[in-house]
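Read through the structure below, which is laid out as structure tokens, and then see the notes.
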Amino acid sequence: MLVLKNVEVVYDDVILVLKGLSLEVPNGKIVALLGSNGAGKSTTLKAISGLLHAEEGEVTDGSIELDGQRIDALPPEQIVKRGVFQVMEGRRVFEDLTVEENIVMGGYTRNDRAGLKRDHDLCFDYFPPLKRHRNKLAGYLSGGEQQMLAISRALMARPKFILLDEPSLGLAPLLVREIFSIIQRVNREEKTAFLLVEQNANLALQIADYGYIMESGRIVLDGEPEKLRANEDVKEFYLGGGSTTRYRNLKFYKRRKRWL
Amino acid sequence: MEFLLQLTLNGVVIGSIYALVALGFVIIYKSSSILNFAQGEFLMLGAYVCVSIVGAYHVPLWAAFLLTLAFFAVLGILMERLLLRPMIGEPVISVIMLTLGLASILKAIVQGIWGTETIAYPTIFPSAPVMIGPLPVSQGYLFSVASVGVLLVLFSAFFKYTRAGIAMRATAFSQQVALSMGVSVQHIFALAWSIAAVVSAVGGVLLGGIRGGVDGAFAFFGLKVVPVVILGGLDSVLGAIVGGLIMGILENLAGGYLDPIFGGGVKEVAPFIALVAILSLKPYGLFGKVKIERV
């Protein structure tokens with residue numbers, strides 16, 4: 001169980017990005033974290049994986065616990081060793097390494113040869129295109145293949161939790177569906193839990209067991225996917241096609257001073 | 001003909017020392033995208049340290065050599081710890097400036113300890129030359145060329161097949177992504193600096209043995225190696241070696257044939273002329289990696 005309690009994150013000592021965020025990812029579940037741009041979704045993932053340190057960010061309050069042990073002060077390599085692996089936004093494969101070498105890097109923290117070999121084959125099993133291109137430089141792969149490679153690297157670390165940041169970014173809809181179905185398969189077969197950050201709320205809520213909605217550094221709504229989908233605000237702002245906007249009403253709208 | 005061969009041979013020998021220093025450059029650049037301008041100073045310091053160990057403790061030279069290597073392995077790690085760790089996440093250019101400062105400091109320290117006089121080197125290599133065809137070749141020359149060959153093979157294999165080597169290349173591509181794989185970027189930097197320092201020290205000792213003495217001019221090797229690495233491609237081990245040899249040979253040929261005509265000085269300029277010519281044809285150097293741009 002991965003638990004965040006009242007986490008506050010400050011960048012550059014002044015900019016407060018997360019303002020007391022709490023969420024839970026149970027073992028073996030898929031949890032979706034939704035929200036608009038700049039809500040702090042990626043920051044949340046980086047706070048968990050420890051990658052904040054490299055960006056002058058810091059967890060200043062609250063705690064992040066993995067199975068009851070605090071991990072918020074650990075360096076990233078320790079967090080990976082404990083079984084939490086982040087797949088960063090925008091795929092970020094090592095472009096001038098081959099596909100094979102990228103996969104090897106995913107298993108960097110592990111030393112069990114037999115297990116590595118098995119997971120290596122498993123990656124090729126999940127993503128056949130990678131096997132075809134195994135000796136090609138990763139920079140020449142297509143966007144979808146790069147996303148597959150990024151997920152493969154995560155599988156190689158055999159983590160308990162994968163933090164997945166916008167896997168649908170810049171991919172064709174068909175590919176997005178494929179990636180999502182593989183996420184589901186990995187979750188089912190390997191019992192890996194996912195914390196899934198997505199803009200595509202519709203798709204994310206289809207595969208998630210639980211969902212959180214974030215706005216400016218806080219969780220504003222959470223619940224089972226069905227409950228979230230039924231919520232009028234979620235429909236309007238995240239799913240689209242909710243209540244149709246009545247443009248006639250718009251002209252009566254007058255901005256009020258909200259601090260009065 | 002014999003003159004040409006002799007010049008080429010000298011070029012190969014000096015070139016192999018260039019190649020060693022260039023190797024140090026490449027290893028640091030490959031893992032951290034930093035140009036270490038203190039590489040020449042490492043070479044100079046290596047030569048001094050080795051000769052001092054021999055002088056002070058009267059140990060045989062091979063033992064002094066191994067001690068020097070150990071000393072440099074530790075020195076490299078210290079460099080990372082004290083100078084580079086605080087700079088993680090800072091712009092690359094600031095770190096490069098830091099290595100320039102480090103170069104001046106090392107030079108000053110060396111002058112403070114050993115003075116500016118040339119210090120004589122014990123004979124490393126037997127003085128009897130080996131005959132290769134018509135040419136008498138000193139054993140020191142052969143040894144330095146051979147050791148460069150061995151290091152080339154070792155490091156190429158290291159970067160291609162070992163996890164640490166792959167992790168170094170991965171770190172060079174992106175520190176943050178490497179971190180997310182669980183790679184300790186600090187360990188990788190320490191390893192890179194350690195290897196680079198050791199390789200330079202090997203170059204320093206070889207050069208001391210060949211020249212029969214060491215002085216502050218050794219540090220200029222660092223500057224001369226900049227065109228070498230740019231020529232070979234900043235991130236290619238093979239490029240460092242080939243670039244080193246080309247520069248060494250070019251320099252000597254230019255010195256032998258052109259200096260008498262122009263009244264001297266061509267030797268120093270020739271490598272840079274070649275550099276400009278080659279870069280205008282191959283902007284990433286002879287073996288440098290081409291940045292991948294997907295369309």
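The values are calculated or read from the model by the stated rules, or taken from the named source; none is laboratory data. These numbers were taken from a predicted model, which means no experiment stands behind them. In this analysis, Cβ positions are derived from the backbone assuming ideal geometry, glycine residues included, and neighbour counts consider all displayed protein chains.
Exactly one residue out of B:ALA167, B:ALA108 is within 14 Å of chain A (Cβ to nearest Cβ), without any contact (Cβ under 8 Å) to a residue 40 or more places away in the chain, of a type in the set (A, V, I, L, M, F, W, C) and farther than 24 Å from B:GLY243 by Cα, and it is B:ALA167. Cβ-Cβ contacts under 6 Å between residues 6 or more apart (or on different chains), taken from a first residue in the range A:151-167 that is more than 12 Å from every other protein chain (Cβ to nearest Cβ) and within 10 Å of A:PHE85 (Cβ to Cβ) to a second residue that is in a helix (DSSP H, G or I) and of a type in the set (A, V, I, L, M, F, W, C), are listed as A:LEU155/A:CYS123. Of the residues screened, A:ALA201 is not one that is buried (at least 20 other Cβ atoms within 10 Å of the Cβ), within 12 Å of another protein chain (Cβ to nearest Cβ), hydrophobic (A, V, I, L, M, F, W, C) and under 29 Å from A:ALA47 (Cβ atoms).
Within the range B:155-163, does at least one residue satisfy the condition of being away from chain A (no Cβ under 13 Å), under 20 Å from B:LEU20 (Cβ atoms) and among the aliphatic types (A, V, I, L, M)? Checked against the condition, which is being away from chain A (no Cβ under 13 Å), under 20 Å from B:LEU20 (Cβ atoms) and among the aliphatic types (A, V, I, L, M), the range B:155-163 yields at least one hit. On inspection, B:ALA197 fails the criterion of being in contact with a Phe, Trp or Tyr (Cβ under 8 Å, 6 or more places away or on another chain), at the interface with chain A (Cβ under 9 Å from one of its Cβ atoms) and crowded, with 23+ Cβ neighbours inside 10 Å. If you go through the range B:177-186 and pick out every residue that is at pLDDT 90 or above and part of a helix (DSSP H, G or I), you end up with 4. Any residue at all in the range B:196-214 that is polar (S, T, N, Q) and in contact with a helix residue (DSSP H, G or I) (Cβ under 6 Å, 6 or more places away or on another chain)? For the range B:196-214, residues polar (S, T, N, Q) and in contact with a helix residue (DSSP H, G or I) (Cβ under 6 Å, 6 or more places away or on another chain): present.
With A:VAL80, A:VAL59, A:VAL93 as the choices, which residue is buried (at least 20 other Cβ atoms within 10 Å of the Cβ) and either in contact with a Leu (Cβ under 6 Å, 6 or more places away or on another chain) or of a type in the set (Lys, Arg) (or both)? Steps first, please.
Values: A:VAL80 fails: either in contact with a Leu (Cβ under 6 Å, 6 or more places away or on another chain) or of a type in the set (Lys, Arg) (or both); A:VAL59 fails: either in contact with a Leu (Cβ under 6 Å, 6 or more places away or on another chain) or of a type in the set (Lys, Arg) (or both).
Only one candidate qualifies: A:VAL93.
Where strands (runs of 3 or more DSSP E) fall wholly inside the range A:17-103, the ranges with 1 or more residues that are within 14 Å of another protein chain (Cβ to nearest Cβ) and at pLDDT 95 or above are A:84-87.
The set of residues in the range A:126-171 being crowded, with 21+ Cβ neighbours inside 10 Å, of a type in the set (Gly, Ala, Ser) and under 17 Å from the mean Cα position of the chain (by Cα) consists of A:ALA150, A:SER152, A:ALA154, A:ALA157.
Within the range A:128-140, can one find any residue that is under 24 Å from A:TYR11 (Cα atoms), at the interface with chain B (Cβ under 9 Å from one of its Cβ atoms) and among the aromatic types (Phe, Trp, Tyr)?
no
Inside the range B:170-181, can you point out the residues that are under 13 Å from A:ASN102 (Cα atoms) and either at the interface with another protein chain (Cβ under 9 Å from one of its Cβ atoms) or of a type in the set (Lys, Arg) (or both)? B:ALA170, B:PHE173, B:SER174, B:VAL177, B:ALA178, B:SER180, B:MET181, listed by residue number.
Scanning the range A:104-122 for residues that are out of contact with any Gly (no Cβ under 8 Å at 6 or more places or on another chain), closer than 17 Å to A:GLU190 by Cα and either away from chain B (no Cβ under 13 Å) or among the acidic types (Asp, Glu) (or both) turns up A:ALA114, A:GLY115, A:LYS117, A:ARG118, A:ASP121, A:LEU122. Of all residues in the range B:74-93, those that are within 14 Å of chain A (Cβ to nearest Cβ) have Cβ atoms under 9 Å from Cβ atoms of residues that are acidic (Asp, Glu) and in a helix (DSSP H, G or I), 6 or more apart or on another chain, in B:GLY89/A:GLU55.
Looking at B:GLY232, B:GLY244, B:GLY255, B:GLY263 in this structure, which one is surrounded by fewer than 24 Cβ atoms within 10 Å (Cβ to Cβ) and touching a residue at least 24 places away in the same chain (Cβ under 8 Å)?
Values: B:GLY232 fails: surrounded by fewer than 24 Cβ atoms within 10 Å (Cβ to Cβ); B:GLY244 fails: surrounded by fewer than 24 Cβ atoms within 10 Å (Cβ to Cβ); B:GLY263 fails: touching a residue at least 24 places away in the same chain (Cβ under 8 Å).
Just a single option satisfies the conditions, and that option is B:GLY255.
Within the range A:60-71, the set of residues being charged (D, E, K, R) and free of Cβ contacts under 8 Å to residues at least 60 places away in the same chain comprises A:ASP61, A:ARG70. (1) more than 22 Å from A:ARG185 (Cα to Cα); (2) within 12 Å of chain B (Cβ to nearest Cβ): which one isn't true of A:GLY143, the others all being true? The one condition A:GLY143 does not meet is (1). Residue check: B:PRO134 meets all listed conditions (1) surrounded by fewer than 18 Cβ atoms within 10 Å (Cβ to Cβ); (2) of a type outside the set (Val, Ile, Thr); (3) within 14 Å of chain A (Cβ to nearest Cβ); (4) in contact with an Asp or Glu (Cβ under 7 Å, 6 or more places away or on another chain) but one, namely (3).
One residue stands out among those in the range A:19-43 that are surrounded by 15 or more Cβ atoms within 10 Å (Cβ to Cβ) and more than 23 Å from A:ASN231 (Cβ to Cβ): the one that is farthest from the chain's Cα centre (by Cα), which is A:GLY28.
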